[in-house]
Amino acid sequence: MPETIDICPIDELPPGGMRLATHDGLEIGVFNCAGEVLAIEDRCSHDDGPLVEGELDQETCSVECPRHGSRFDLHTGRPLTLPAYQPVDTFPVSVEEGIIRVEVD
């Protein structure tokens, strides 16, 4: 059964906000994209760049890797631009009693 980890209260992650969470050595970027909270593996599949340090585009719900500019879809983990071509993992997110929670394997 998947484990659920608490990230933070929803009011601490406003639209446009990003936060890094770690769990058993896994780094997860948690993003508030125009009110929708999404979680993605915090590494670019091209060069392991930290996606949570990149630029969030709230119109497309994507994040750009700060190293080489690959953009990733936060819903699917798929790269939208080169040089990355492999997707990264995404994680189910819920907000329960005002707390953002991420489901991890």
**Q.** Among 69, 35, 15 - extreme Cα towards positive end, dipole of the chain, charges at beta-carbon
**A.** 69
(Q) At 1.4 Å probe radius, can you tell me the per residue accessible area of the chain in Å²? (A) 55 Å²
Q) What longest region of the chain stays clear of GluC sites (Glu not before Pro) that DSSP places outside H, G, I, E and B and that have at most 11 other Cβ atoms within 10 Å? A) 1-58
Q.
Report the Cα centroid-to-centroid distance between region 89-105 and region 25-79 in angstrom, as an integer.
A. 16 Å
Q.
If the rule is a partner Cβ under 4.7 Å, which cysteines in the chain fail it?
A. 8
(Q) Please list, in order along region 90-100, the HN-Hα scalar couplings obtained from phi with the Karplus expression 6.51 cos²θ - 1.76 cosθ + 1.60 (θ = phi - 60°), rounded to whole Hz, x for Gly and Pro. (A) 10, 9, x, 10, 9, 10, 10, 6, x, 10, 6
Q.
Can you list residues from other chains, or at least 5 along the same chain, whose modelled amide H is less than 5 Å from the amide H of residue 74?
A. 62, 63
(Q) Of the listed values [x] 40, 29, 18; [y] 119, 36, 24; [z] 45, 32, 27, identify the label whose number matches Cα extents along the principal axes in Å calculated from this model. (A) [x]
**Q.** Stokes-Einstein D for region 1-49, Kirkwood Rh over Cα pairs, 20 °C, 1.002 mPa s (µm²/s)
**A.** 183 µm²/s
Q) Tell me, what is the percent relative contact order of region 1-94, built from C-alpha pairs under 8 Å that lie six or more residues apart? A) 20 percent
Q) Magnitude of the Cβ-charge dipole of the chain, K/R +1 and D/E -1, about the Cα centre, nearest 20 debye? A) 320 debye
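The values are calculated or read from the model by the stated rules, or taken from the named source; none is laboratory data. Computed from a prediction, not measured in an experiment: that's the story for all the values here. Positions of Cβ are generated from backbone atoms using ideal geometry, with glycine treated the same way; all protein chains shown enter the neighbour counts. Calculation scope for accessible area: heavy atoms of the full protein, side chains included, ligands and nucleic acids excluded. Shrake-Rupley method; radii C 1.70, N 1.55, O 1.52, S 1.80 Å.
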